[in-house]
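The values are calculated or read from the model by the stated rules, or taken from the named source; none is laboratory data. Just so it is clear, the model here is predicted, and its values are computed rather than measured. Backbone-built Cβ (ideal geometry, glycine too); neighbour counts: all protein chains shown. We work out accessible area using only protein heavy atoms, side chains counted, and drop any ligands, DNA or RNA first. Shrake-Rupley method; radii C 1.70, N 1.55, O 1.52, S 1.80 Å.
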Amino acid sequence: MDEAEVVKPKKNAVGGRLCCLCNQRRPALKRPKTLEQICRECFYTVFEEEIHRVIVDNQLFKPGERIAIGASGGKDSTVLAYVMSELNRRHNYGLDLFLLSVDEGITGYRDDSLETVKRNEIQYGLPLKVVSYKDLYGWTMDEIVKIIGLKNNCTFCGVFRRQALDRGAALLKVDKLVTGHNADDIAETVLLNILRGDIARLSRCTSITTGEEGPIPRCKPFKYTYEKEIVMYAYFKRLDYFSTECIYSPNAYRGFAREFIKDLERLRPRAILDIIKSGEDFRISTSTKMPEQGTCERCGYISSQKWCKACVLLDGLNRGLPKLGIGRSRGPNSDRQRDMKQSNGTRDIQSKQCGTLDF
Amino acid sequence: MACSSGSCQSGCYKDNNDAEVEEENRQYQKREAANRHSLCIKCKSNETIAATNPTAASLAGGGDGSRFCAECFRSNLFGKFKFAVTSNAMISPSDNVLVAFSGGTCSRVALQFVHEMQCKAQKNFDASRDRSLPVFGVGVAFINESAIYPVSSQQLDDAIEDMKLVVSNLTPPTKVFHVIPTASIYSSDLGEGNVRLKELVNGVSDATGKEDLMLHLRMLSLQKIALENGYTKLLLGSCTSRIACHVITATVKGQGYSLAADIQYVDARWGVPVVLPLRDCLTHELKMLCRLDSLNTVEVFDTPHSGINGLVSSFVKVLQLLCFRKENASRECTIVRTAGKLTPFDFNRMPESDDLNCHLASQRRRKKYNLQSNESLPPESFCRICNSPLNKSDSLSLNDVENGQLNAEAFGPKCCLSCQFQILPKEPSSVEHFYSLLPQPIITLAKDDGCNWRSLREQIQDCLLSDSEDGT
């Protein structure tokens, strides 16, 4: 919890300053995005209104749509679930909202966070669907880590989660999936793609909606929402969320680019938005090659290769060759170079990545 | 024990223990490896720089220093420079090239290489019978920024003397050395120019903004020297490392649209086209060359970057170091390569010269790569402060510029969002003051644009059905 930004009320009493938005109440916090001193009520209003504007301006939803909210129990998805149900009610979006969770099978982490999501189900009155790696793939992350160790486990988890979310969304028969990726996440992805030389991903990592060609489009209503403000919102609203980092990736969010972005934010809060703007404005010729999408011969999931990434990894696990699909080993896909690259850390933003830049 | 089996033919002493033998083996392998590696991987005959000049090699972090001998390293680096020059038609025989010289490593090497190229051209000229190919001219410019970055006058004088010496030693052919203070961009006398310059720059509260404004003013000063002295190209020593930093800073400042304009070999949006022949050379390579060839460098205004620029340059430096240690690869190169894939602007090509002096022979000689025209249309307008192309969706609709009012109010919206944020004052009253302090070139630029636009409108006036732009 970042409490440094919370202005102590005593100080204000002395200065007698008022919220610079409503000019009526005492400011309770310094807004991370603008450094304005505002009161709690005004913070809720601007925070929610900004997200509402993003949703309306980008026409993210249509009335009557069924929407799944990717819920991990963490701060981003908890605030997303809360704000989405609030806005849906307040502005009559006419959406059917669902919570969708993935149970990776990580004892001491996911079991606890799932409890949080189950409480959210009751608190916000949103039906919850949980899909588990064990049911879908026959393996839990605990079992996978036992075999593969702590080195490439995030590759398995990321690939499996992406597909699990799609399968869960299909089971719920939803039209769209919303995820809690925030502005910091997107700015980080822009930088990482520059550092890795991945122009194709650089061109699409700032799109608010992705996967429109796939089975279920995904969108990011928090695209312009600062992580710090999400934490602040959860803190002031006393939202019930789970705040432990994954035990198999203890250094998540301590990545190099992440630190850099935090430093930038301290120096110039608008830098995060500026990075996203740059990402949107980059002149990338539309002829940049995109891998042709087909379907996996094994499971029918979208794939640019003969087998989808999850099937390759799963096949390796089941055959006792867990390194298959990681690094430069040979597998069932003949032309695997591109695929290899993906496994080496260039995961899409969709599978919210943990771990750091692969140096 | 070493030889427990009778079949051992290693020749080791039987009373040696395992550890000792192993240690010796390791030492031997190390020596062998060292011997193998101390030969240049290119010519395979000379010793590497690491062996002959360890201090110079240490500058390169053990990369090129342990692979090449000094000769091969030098020719490799010069090769990169030359390829950039020839493949982008940067210098033609009829050109008069102004080299921007700060005294630092990069511009020192740029000057050296340009001189070598000029020498060769001179030799060819002297040797050829018909003397059909003239030798391009070279001038050197140093911008004195002491008005903003204070240094003692003694220090400055010494540095300028050193630079004069450097330039005068690079003969024949002789090169003119221009030393110009930044204040010369004001047409008024220097004293008054200095006052206005100081007030302008010190009025910018944002540290990063101030630094960037100085950068733009430096470019204006260089352009002024080039234009007034008949130079046809302005050559900068920007190296890969520096460009990599620019890629990240531009991204962080929200200049993603204009970024592609700044990082190409050629940038002809200025009065005198700017060329970057060291775009493919890394700082540490240039440093090593300076050490190897004892090229004197003078750091006059070696102020450490502050604000965003400082943060980014330390970030890139650490990335480069990490990447180099782990994979022996250059993160800086990857960054520049990524940005290089962005679509450049039309002005990033050398304009076709209709100069009659441009001989057939020289045209024949020119190799042109990367010069194919792309489909992108030239952007309509440039930021009035930093001259970066404006994204149409950011710039105000033409309506707002229509009345062509050339005052402070009209000036603000004609700047890019980044300059508006970090350079322009926030209060409208201060903008007016800021505008009054701007040097002539920037104001003229703004005026020209307005006039052009109005004259265009006048030409088609008879066909326009309404007074507003959208035709409603």
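Hey, among the residues in the stretch A:256-269 that are facing chain B (nearest Cβ under 7 Å) and among the charged types (D, E, K, R), which one's surrounded by the most Cβ atoms within 10 Å (Cβ to Cβ)? My answer is A:Arg268.
Residues in the stretch A:175-206 that are outside any helix (DSSP H, G or I) and hydrophobic (A, V, I, L, M, F, W, C): A:Leu177, A:Val178, A:Cys205. Every condition in (1) within 14 Å of chain B (Cβ to nearest Cβ); (2) crowded, with 21+ Cβ neighbours inside 10 Å is met by A:Gly197 except one, and the failing one is (2). Condition (residue is within 7 Å of another protein chain (Cβ to nearest Cβ), surrounded by fewer than 19 Cβ atoms within 10 Å (Cβ to Cβ) and under 24 Å from A:Ala200 (Cβ atoms)) applied to the stretch B:307-318: is it met by at least one residue? The answer is no, given that none of the residues of the stretch B:307-318 is within 7 Å of another protein chain (Cβ to nearest Cβ), surrounded by fewer than 19 Cβ atoms within 10 Å (Cβ to Cβ) and under 24 Å from A:Ala200 (Cβ atoms). Looking across the stretch A:172-191 at every residue that is open to solvent by 10 Å² or more (accessible area, probe 1.4 Å) and among the hydrophobic types (A, V, I, L, M, F, W, C), the one that is farthest from the other protein chains (Cβ to nearest Cβ) is identified as A:Leu172. Does the stretch B:252-269 contain any residue that is within 14 Å of chain A (Cβ to nearest Cβ) and among the aromatic types (Phe, Trp, Tyr)? For the stretch B:252-269, residues within 14 Å of chain A (Cβ to nearest Cβ) and among the aromatic types (Phe, Trp, Tyr): present. A:Ile106 meets each of the listed conditions (1) closer than 28 Å to A:Arg25 by Cβ; (2) buried (at least 21 other Cβ atoms within 10 Å of the Cβ); (3) touching a residue at least 24 places away in the same chain (Cβ under 8 Å) apart from (1). The single condition among (1) without any contact (Cβ under 8 Å) to a residue 24 or more places away in the chain; (2) surrounded by 20 or more Cβ atoms within 10 Å (Cβ to Cβ) that A:Leu95 does not satisfy is (1). Taken over the stretch B:341-358, the criterion of being part of a loop (DSSP other than H, G, I, E, B) and either outside the structural domain of B:Ala89 (by TED's automatic domain parsing) or at pLDDT 60 or above (or both) is satisfied by B:Lys341, B:Leu342, B:Thr343, B:Pro344, B:Phe345, B:Arg349, B:Met350, B:Pro351, B:Glu352. For the stretch A:26-41, give me each residue that is under 18 Å from A:Lys237 (Cα atoms), assigned to a loop (DSSP other than H, G, I, E, B) and open to solvent by 70 Å² or more (accessible area, probe 1.4 Å). If the condition is that a residue be under 18 Å from A:Lys237 (Cα atoms), assigned to a loop (DSSP other than H, G, I, E, B) and open to solvent by 70 Å² or more (accessible area, probe 1.4 Å), then A:Arg26 is the only one that fits. Given the condition part of a helix (DSSP H, G or I), in contact with a helix residue (DSSP H, G or I) (Cβ under 7 Å, 6 or more places away or on another chain) and touching a residue at least 40 places away in the same chain (Cβ under 8 Å), answer yes or no: does some residue in the stretch B:86-103 qualify? No - not one qualifying residue is present in the stretch B:86-103. Sort out which residues of the stretch B:100-148 are open to solvent by less than 40 Å² (accessible area, probe 1.4 Å) and of a type in the set (Phe, Trp, Tyr), and write them in order of number. Within the stretch B:100-148, B:Phe101, B:Phe113, B:Phe136, B:Phe142 meet the criteria. Within the stretch B:329-347, residues that are closer than 14 Å to B:Ala244 by Cβ and within 9 Å of chain A (Cβ to nearest Cβ) reach partners that are in a loop (DSSP other than H, G, I, E, B) and small (Gly, Ala, Ser) with beta carbons closer than 7 Å, at six or more positions or on different chains, in the pairs B:Thr334/A:Gly197; B:Arg337/A:Gly197; B:Thr338/A:Gly197. The listed residues are A:Ile230, A:Ile194, A:Ile186, and the only one of them that is within 18 Å of A:Ile272 (Cβ to Cβ) and free of Cβ contacts under 8 Å to residues at least 24 places away in the same chain turns out to be A:Ile194.
Against the list (1) in contact with a Ser or Thr (Cβ under 7 Å, 6 or more places away or on another chain); (2) surrounded by 20 or more Cβ atoms within 10 Å (Cβ to Cβ); (3) among the charged types (D, E, K, R), the condition A:Asp142 fails is (2). The residues in the stretch B:182-200 that are in contact (Cβ under 8 Å) with a residue 24 or more places away in the chain and open to solvent by 40 Å² or more (accessible area, probe 1.4 Å) can be counted, and the count is 5. B:Val97 meets all of the listed conditions (1) under 17 Å from B:Thr86 (Cα atoms); (2) open to solvent by 20 Å² or more (accessible area, probe 1.4 Å) but one, namely (2). All of A:Ser77, A:Ser72 fail the test of being assigned to a helix (DSSP H, G or I) and at pLDDT below 95, apart from A:Ser77.
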